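Presented below is the structure to which this report refers.
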């Protein structure tokens, strides 16, 4: 892949990421009220709980996929197709064996979990099939990750997002269809997850064959020495992933266990906006990761450092807008979205989202750890701080009487400490640059988040914004003013050029 092709691919990748995000945004905003109206708040809370627990079940497979992404991308970028075939087949057959071994684990987890957690009366069997379906779907998608990795390695994130959109569209379409035909049931949600995973996996295999015809499935290309490389990195990614899950997907579990299914459902409503904000950040950071791996493979380190530094600043400034709007308009958003009965969750929504101004800005730095295969120390730090988050969440929830606000506060404190201090410091250590290089890049986004949030609160005090049209017009007005101000005063010439390079050619000519 030459540089020109890579530059041409950037707008396509960004468009694909934006398309996937918009699909998730629309579905996320519409599906939550739909589930609440059909299943009820308590039963709805079991669905995100299932996805949280499933993340722990498939953690080994997902971590090995991360290692495969790194090694296969480097092999293909260097044109070493013999090594690439060894990496691909070693991963394919190795992961197939791991997944087969995990089948009884999945069944056991699905059987036990409904009895461990608070499940609404009469929903026990539905919860079993929900957990079984979600776990099975994740294992199927993890196995087909051997093929979507090829799309990632060739920087075809647009096609990777097509696979993801297919998965989500099949899931949601079947849920609505099955609910209409048979009535609302958690078991039907599990079945829809499995169907979406199977179809999306088939699409990924077809696309991978078209994009990367150099790889062939062959047991003779299985290389035991490659197993050592993949597991060596994969093990530390597993540790890192466990820690990340203890940060990102432990709160709903704790709330369900301590406060019951209804409280978990209410917590999940506010948490949905965190999911959406992380999806937005994934749109931006996802485009950068293949570029970082490519620059590393070609030994273009100065370019890698400069782009990563600007990416942290751009990420912070980009995420400041939605984070500030969600925090400032929290009561209004909840009223318009799920009804005034849930407006009391506004402080929780602010607590869950405000710290993302720091914790999403650093996302571009994680690709450096993967590119340099320096995942051991981040894995250890993330693991132990994740355990600390779990312990602090229980302590604050029970000892202070703050309820699920204590759980949210624990995550905000521990995650922010890690990403404000350790993450940028470790990236500078790997790259050999000044210790405050990336910390300084985070400051504009933090300041912008505070300004937008305060402005939104003031406008909400002056004007009644509890209708969709007035809220949308006000948010759009803030957006236009903010974008103009950032473009004029917030970006350097290099950063404007980097932003423009992501745009399609026709739009690029208009902007320039």
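Taken together, the values in this text are just the output of simple stated rules run on the coordinates, not laboratory data. Worth saying up front: this structure is predicted, and the values here are computed from it rather than measured. Glycine gets a Cβ as well: all are built from the backbone with ideal geometry, and neighbour counts include every protein chain shown.
Observations on the structure shown:
- Counted residue by residue at 0.36 nm each, then reduced by the alpha carbon distance between them, the extension gain from residue 425 to residue 97 reaches 114.3 nm.
- Legend: calculated FRET efficiency, residue 262 to residue 181, from the Cβ-Cβ distance at R0 = 35 Å, rounded to 0.05, equals 0.80.
- Computed lengthening from residue 300 to residue 473, 0.36 nm per intervening residue step minus Cα-Cα distance: 57.8 nm
- Enclosed volume per residue, in Å³, of the convex hull spanned by Cα atoms of region 253-366: 102
- Full extension of the chain segment joining residue 447 with residue 400 gains 13.9 nm, where the gain is 0.36 nm per residue of separation less the Cα-Cα distance.
- Residues 356, 409, arranged from fewest to most other Cβ atoms within 10 angstrom of their Cβ, appear as 409, 356.
- Centroid-to-centroid separation of region 395-460 and region 324-391 [C-alpha atoms, Å]: 8
- Efficiency of FRET from Cβ geometry, residue 38 and residue 380, R₀ 51 Å, rounded to 0.05: 0.70
- The modelled label-to-label distance between residue 227 and residue 387, using points 7 Å beyond Cα along the C-beta direction, is 2.9 nm.
- Taking region 262-512 and dividing mean pair separation by its residue count, relative contact order in percent (alpha carbons under 8 Å, at least six apart): 27
- Cα gyration tensor category, rounded, prolate or oblate, for region 310-412 with a/c compared to 1.5: oblate
- For the chain, adding -39500 (n - 2.57) for each run of n ≥ 4 DSSP H residues and dividing by the number of residues yields -28000 deg cm²/dmol at 222 nm.
- Virtual spin-label span in nm between residue 80 and residue 344, 7 Å along Cα→Cβ: 6.1
- Note that the chain shows a convex hull volume over its alpha carbon atoms of 147 Å³ per residue.
- Protection proxy ranking of 399-406, 90-97, by the mean of other Cβ atoms within 10 Å over each peptide's residues and highest first, is 90-97, 399-406.
- For region 262-512, the Kirkwood hydrodynamic radius comes to 19.5 Å, computed from all pairs of different C-alpha atoms.
- The peptide list 306-313, 469-476, 32-39, put in order of mean Cβ contacts within 10 Å with the highest first, becomes 306-313, 32-39, 469-476.
- Sorted by Cβ density within 10 Å, fewest first, the residues 217, 176, 163: 217, 176, 163
- Here each label is just a point 7 Å from Cα along the line to Cβ, and for residue 463 and residue 26 those points are 2.6 nm apart.
- For the chain, averaging the sequence separation of C-alpha pairs within contact (under 8 Å, six or more residues apart) and dividing by the residue count gives a relative contact order of 20 percent.
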